[in-house]
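Reading through the structure tokens given below for one structure.
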Amino acid sequence: MMGTVLSANGISTWLGDSILPFVSDTSPLVIMIVLAALAGVFVNITVGTTYAAIAIFITCTAPVIEVLGYNPSIVLMPTIIILSFMMCFYALPTVYPNFNYGYYKAGDAVLPGALTTAAGVVIACLVCYFLAPALWGASLYI
């Protein structure tokens, strides 16, 4: 719904044209890494809002990526993978009671969470950049 509104009102075209001078020479791999890392950090900070993050990131960035001349389904695939990866690990209610017993502090999960997020971003972006166009038969560029 949000993506349709952005496209119908021309906001996505305006936003794409306004950031085009900054990212016109940027590789799609860099865009994939930046979007996936932003999504991973956003979901780690706001635990339990994975569905809202999916709605925000995908619907707001897909029209802009299309204006930049890239295929949104391939460029946004690492972001979708990272968001669903975070949903599996951090959105489960079984994770939260462990902190209530006093054995663990919330800060104990920062380093492992950051490492798994970084590893997930790198792996998902590399797999989607090199394998997704060959497996799907779709081009990275529109």
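Taken together, the values in this text are just the output of simple stated rules run on the coordinates, not laboratory data. Quick caveat, the model's predicted, so the values are computed rather than measured. Cβ placement follows ideal geometry from the backbone for every residue including glycine, while neighbour counts extend to all protein chains displayed.
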Worksheet entry | Residues satisfying the stated conditions in the range 38-59, i.e. farther than 10 Å from Leu83 by Cα and either buried (at least 18 other Cβ atoms within 10 Å of the Cβ) or in contact with a strand residue (DSSP E or B) (Cβ under 9 Å, 6 or more places away or on another chain) (or both) | Ile58
Worksheet item: Where in the range 24-83 are the helices (runs of 4 or more DSSP H), entirely inside, with at least 2 residues that are over 25 Å from Ala134 (Cβ atoms), over 10 Å from the mean Cα position of the chain (by Cα) and hydrophobic (A, V, I, L, M, F, W, C)?
Response: 50-68
Practice prompt. Among the residues of the range 5-23, count how many are on the phi > 0 side of the Ramachandran plot and in a helix (DSSP H, G or I).
Written response: 0
Discussion item. Yes or no: the range 18-27 includes at least one residue that is among the hydrophobic types (A, V, I, L, M, F, W, C) and surrounded by 20 or more Cβ atoms within 10 Å (Cβ to Cβ).
Written reply: no
Worksheet item: In the range 72-88, what residues are buried (at least 19 other Cβ atoms within 10 Å of the Cβ) and closer than 19 Å to Thr13 by Cα?
Response: Val75, Leu76
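If you scan the range 60-71, which residues turn out to be in contact with a strand residue (DSSP E or B) (Cβ under 7 Å, 6 or more places away or on another chain) and surrounded by fewer than 17 Cβ atoms within 10 Å (Cβ to Cβ)? Step through it out loud before you land on a result.
As a first pass, look at the range 60-71 and keep what is in contact with a strand residue (DSSP E or B) (Cβ under 7 Å, 6 or more places away or on another chain): 69-71.
Of everything in the range 60-71, just one residue is in contact with a strand residue (DSSP E or B) (Cβ under 7 Å, 6 or more places away or on another chain) and surrounded by fewer than 17 Cβ atoms within 10 Å (Cβ to Cβ), namely Gly69.
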